[in-house]
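Step one of this worksheet: look at the structure below.
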Amino acid sequence: MTLALAVIGRETVWVVVDRRLSYQNGTYRDDAVKMMALEADDGVGLLIYAGLGATALGNEPSAWMSATLRGQGWLFENALARIAQAANDQLPSHLKDIRGGQHFILAPMFYKTGRSRLFAIKNVVDGSGRHEGTFDVITRTGEISAPTIAIAGVGTGARTLDRDQHFGGLRRSLHSLIKKNDDGRVSDQAVADRLAKVCFQVHQRTADKTVGPRSIVAWRRRPGSTLPGGGQAFYTDQVLEDNVHNSIPFIMAGLDVQAIGSAYMETAWDRIERGLEPWAADSIDPELDRRLSEISHDPDDRLR
């Protein structure tokens with residue numbers, strides 16, 4: 001499976017996932033993107049998952065979730081409900097062929113009101129082929145008696161953390177670091193580095209090798225926060241990668257931001273390789289126009 005860990009602070013939601021895809025023949029690769037970002041009219045958050053890493057055809061659920069939501073201006077919770085519905089329809093045929101037959105999605109987010117939620121979507125296919133799908137709110141923060149910081153994880157890596165006698169200390173140290181970040185006393189990079197280190201340590205401690213050494217950390221701010229924006233960082237062996245092409249699926253008010261951004265970046269790099277300025281001198285670049293025209297704006301919930 002994987003490690004997918006979500007933390008909600010006062011100002012920021014944080015997630016970390018490893019990048020390993022494990023196959024039943026014992027082989028694996030470490031280039032999966034097990035998350036997507038979602039920005040709706042009423043809130044912003046991140047979706048991470050453990051379970052099905054890719055279909056038999058190599059399609060990843062992160063790209064499928066993005067395609068399911070593109071072209072539609074869902075409110076945040078309605079968008080998650082759409083993902084849950086699509087998961088009920090599409091996942092069972094794929095889950096019956098993977099070990100454990102389970103797929104879990106966590107979605108930490110902030111509403112524009114400032115309140116936060118941690119949603120969970122669960123799909124399980126048992127040995128008899130019976131399917132069960134659920135969509136729940138598992139944590140409400142920013143409310144009376146709610147925790148200041150919420151933390152949740154799924155996957156084999158999360159079980160490794162649960163068994164770790166030092167996990168209580170890790171939880172406290174993460175809480176302390178993120179509170180300092182919320183107060184502007186610790187940089188985003190310091191928090192991202194710490195979460196990448198956690199993922200790498202879990203990789204080292206997970207005996208069945210289902211958690212890999214590469215990871216992605218992403219974060220999003222509470223709307224209206226005085227702290228700057230959000231971001232993502234890619235790591236190999238807890239060392240920050242400098243590949244400018246790294247990105248995660250991102251749907252903003254129905255727009256496929258990742259696809260649009262990729263079209264601009266690919267066009268710019270092609271021009272640089274030909275010894276030209278990265279952007280056309282005039283406002284029209286035929287190659288950019290072609291790439292943008294090829295981007296689909298229609299939803300597609302089929303998980304092939």
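Worth a mention:
- Rounded Å value of the spacing that divides the Cα centres of region 29-62 and region 178-199: 22 Å
- Extension gain for ASP298 to ILE272 (0.36 nm times residue separation, less C-alpha to C-alpha distance): 6.2 nm.
- Förster-model FRET efficiency, 41 Å R0, THR134 and VAL244, C-beta, rounded to 0.05: 0.55
- Note on the chain: with a GNM built from Cα contacts shorter than 10 Å, the maximum mean-square fluctuation among LEU170, LEU195, LEU46 falls on LEU170.
- Percent of C-alpha pairs per 5 Å bin, region 180-301, short to long: 2, 9, 13, 14, 14, 16, 14, 11, 5, 2, 0, 0
- Just checking the listed ones, ALA192, ALA207, ALA253: in the Gaussian network model of the chain with Cα springs under 10 Å, the one fluctuating most is ALA207.
- Annotated for the chain: lysine pairs at least 8 residues apart or interchain, Cα distance under 28 Å, count 17.
- Calculated FRET efficiency, ASP237 to GLN189, Cβ-Cβ distance, R0 = 22 Å: about 0.85 to the nearest 0.05.
- Whole-percent pair-distance distribution, where bins are 10 Å wide, for the alpha carbons of region 4-256: 7, 32, 39, 19, 2, 0
- The dipole here belongs to the chain: it is taken about the Cα centre, uses +1 on the Cβ of Lys and Arg and -1 on the Cβ of Asp and Glu, and is about 1380 debye.
- Within the chain, the whole DSSP H helices whose Cα atoms reach 18 Å or more along their own axis and whose mean Kyte-Doolittle score is at least -0.5 are 76-90, 188-205, 257-273.
- Theoretical FRET efficiency, 1/(1+(r/R0)^6), r = Cβ-Cβ of TRP279 and LEU227, R0 25 Å, to 0.05: 0.25
- Relative frequency of Cα-Cα separations exceeding 16 Å in region 1-111, percent: 59 percent
Values in this text are rule-based calculations from the coordinates and carry no lab data. Since the model is a prediction, treat every value here as computed from it, not as a measurement. No Cβ is skipped: glycine too gets one built from the backbone with ideal geometry, and neighbour counts run over all protein chains shown.
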